[in-house]
1. Looking at Val33, Val26, Val8, can you tell me which residue is surrounded by 14 or more Cβ atoms within 10 Å (Cβ to Cβ), in contact (Cβ under 8 Å) with a residue 40 or more places away in the chain and within 10 Å of the ligand (Cβ to nearest atom)?
2. Among the residues in segment 175-184, are any more than 16 Å from the ligand (Cβ to nearest atom), closer than 27 Å to Lys91 by Cβ, open to solvent by 10 Å² or more (accessible area, probe 1.4 Å) and of a type in the set (Gly, Ala, Ser)?
3. Taking the condition of being open to solvent by 40 Å² or more (accessible area, probe 1.4 Å) and either assigned by TED's automatic domain parsing to the domain that holds Ala135 or over 28 Å from Leu170 (Cα atoms) (or both), how many residues in segment 74-90 meet it?
4. Under the condition of being in a helix (DSSP H, G or I) and among the charged types (D, E, K, R), which residue from segment 117-171 is least open to solvent (accessible area, probe 1.4 Å)?
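The values are calculated or read from the model by the stated rules, or taken from the named source; none is laboratory data. Remember, it's a predicted structure, so these values are computed and weren't measured experimentally. All Cβ positions, even for glycine, are placed from backbone atoms using ideal geometry, and neighbour counts span all protein chains on display. All accessible areas refer to the heavy atoms of the entire protein, side chains included, with ligands and DNA or RNA removed. Shrake-Rupley method; radii C 1.70, N 1.55, O 1.52, S 1.80 Å.
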Amino acid sequence: MPITLYAVSDGPPSLAVRQLLKALNVEHTLVNVDFGLGEHMTEEFSKKNPQKEIPVLDDDGFFLGESNAILQYIADKYGENDKLYPKDLKKRALVNHRLCFNLSTYYRYISEYVMAPIFFDYQRTPLGLKKVHIALDNFNTYLQKTGTKYAADDNITIADFQLVTATMCLEAINFDFSQYKLVFEWYKTYKREYPELWAIVDAGMQEISAFEKNPPDLSHMTHPIHPVRKN
Ligand SMILES: N[C@@H](CCC(=O)N[C@@H](CS)C(=O)NCC(=O)O)C(=O)O
């Protein structure tokens, strides 16, 4: 029985998981969750994920939220070798670190600055901007420390899927991050070397770019937890 991924078409954590499914050629059913309508806020969805967040994986009744956990599970279950998620303790620790860094800092700061004000009644503030620069500077330093082509190794790992989708949010609003030279190079290299994976991310980016210009009307969202903008 193929696995099912509940995903949102422009959601960076969903796009990260979809890249892995593509990279490993895993047969799956993709269920699009309508974020704008608040399909994830329903009682029914909360049975799949009590956090009411997308993505969620359903592997024959085994439900898993948190995109990092989903990436780790899929890579362990379907990986033909351990390149994307190494078994070697130190290499694996570095991948896990980059995933945690993305969750706690990199994507968190980027999404608070870029995404939240597109969809809800939040502002882009100087403090938010400062945090984005801190996140970019941290990532640049990590790339410098490892001296690797990708986030945790010379080949891509599941950490790159998350970091690429987070960075895509910056490109979606034409945020210039070229001063972070190693991040800039890493991002360009990924796009060049993995066009099929980048295409998944790019489709999400086009949606975010369009919403940046024309913010969506979320006034019909079911039980939003965020302040909804009055258009
Ligand atoms: N830590 C979660 C975060 C997922 C997340 O934030 N998803 C967004 C959609 S892209 C969401 O479901 N937000 C719920 C909301 O804002 O109501 C993960 O990595 O899976």
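1. None of the other options fit; the residue is Val8.
2. Scanning segment 175-184 turns up no residue that is more than 16 Å from the ligand (Cβ to nearest atom), closer than 27 Å to Lys91 by Cβ, open to solvent by 10 Å² or more (accessible area, probe 1.4 Å) and of a type in the set (Gly, Ala, Ser).
3. 10
4. The residue in question is Asp160.
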